[in-house]
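Heads up, the thing below is written out as structure tokens.
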Amino acid sequence: MSSSDPVGAVFFDVDGTLVPGTSSSVFLAGHLGHRDELAEAEDAYASGALDNRRVSELDAAGWAGVAEEQVSGWLDGLPLVSGITETVAWCRRNGLVPVLATLAWSPVGSYLTDRFGFHAFGGPRLETADGRFTGRVAGHFDEYDKRDVALAQARELGLAPRSCGAVGDSRSDLPLFASVGLSVAFNASPGARAAATATVDGGDLRAVLPVLSRLVTVTRSRPPAEG
């Protein structure tokens, strides 16, 4: 079954979920020269001491003058959980559209979408001019935008939120967890575990498949919605 006639969708978080133990922004900040400062800011976001806007602005400043084409080479070294290719393929075979739902910068979402065959992605955008990053944020994107864009993508696919699942690990996933039919806390924080339908730990993303199979069973057993 292809994404043209899906029974559901699964929204996958990136940082802490597909990228274990760190974030794509902190990884890239290691190349950009502000890793420690950003890691401290992200910890403050996780605890609720900083909002996403401030963290994004701090990070974006470190990108000033960097060529867009340089980033994809860095991303080839991004640490990733095992089993992403196989999990995406399983979703597609079972009528679940795999989508990235993330606060990672759009170059990261674009790279992972192209590399692994996700249907789409959403996220914050960095401003560019003449092929280089300016150090400013072109489009902010917080945990509520993450939820809203994911639900809009579901509507475009003709899917109700109850037919969708989300896989994530932290604060940024909570609004989406509360809005979909199935949520999986994968190697997650206590808050995400408390909010999720199910909790899974492991070093391979395929560990979530038994939980996602519930979504396939439930959505296929439901009668079609009227109207």
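The values are calculated or read from the model by the stated rules, or taken from the named source; none is laboratory data. All values derive from a computational prediction rather than experimental measurement. Note that we place each Cβ from the backbone using ideal geometry, even for glycine, and neighbour counts take in every protein chain shown.
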Quick check on Leu212: is it over 14 Å from Ala101 (Cβ atoms), part of a helix (DSSP H, G or I) and either modelled with pLDDT of 95 or more or among the β-branched types (Val, Ile, Thr) (or both)?
yes
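Conditions (1) of a type in the set (Phe, Trp, Tyr); (2) touching a residue at least 24 places away in the same chain (Cβ under 8 Å); (3) in contact with a Phe, Trp or Tyr (Cβ under 6 Å, 6 or more places away or on another chain), marked per residue:
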| residue | (1), (2), (3) |
| --- | --- |
| Phe118 | yes, yes, no |
| Arg125 | no, no, no |
| Val137 | no, yes, no |
| Phe186 | yes, yes, no |
| Val211 | no, yes, no |
In the range 183-194, residues that are touching a strand residue (DSSP E or B) at 6+ places or on another chain (Cβ under 7 Å) and either among the charged types (D, E, K, R) or assigned to a helix (DSSP H, G or I) (or both) total 2
Return the residues of the range 134-158 that are crowded, with 21+ Cβ neighbours inside 10 Å and outside any helix (DSSP H, G or I); say none if nothing qualifies.
Phe141
Hey, any hits in the range 169-182 for a residue that's out of contact with any Pro (no Cβ under 6 Å at 6 or more places or on another chain), within 11 Å of Thr17 (Cα to Cα) and part of a strand (DSSP E or B)?
no
Output for Cβ contacts, cut-off 6 Å, separation at least six or different chains, first residue under 16 Å from Leu159 (Cα atoms) in the range 89-107, second of a type in the set (Ser, Thr, Tyr) and not in a helix (DSSP H, G or I), reads Val97/Ser3
Taking the criterion of being in contact with a helix residue (DSSP H, G or I) (Cβ under 8 Å, 6 or more places away or on another chain), outside any helix (DSSP H, G or I) and acidic (Asp, Glu), would at least one residue in the range 84-94 satisfy it?
no
Could you check how many residues of the range 35-81 are aliphatic (A, V, I, L, M) and farther than 19 Å from Val14 by Cα?
7
Please indicate, with yes or no, whether at least one residue in the range 107-122 is buried (at least 18 other Cβ atoms within 10 Å of the Cβ), within 17 Å of the chain's Cα centre (by Cα) and acidic (Asp, Glu).
no
Examine the range 118-128 for a residue that is over 20 Å from Glu42 (Cβ atoms), assigned to a strand (DSSP E or B), out of contact with any helix residue (DSSP H, G or I) (no Cβ under 7 Å at 6 or more places or on another chain) and not hydrophobic (A, V, I, L, M, F, W, C), and state whether such a residue exists.
yes
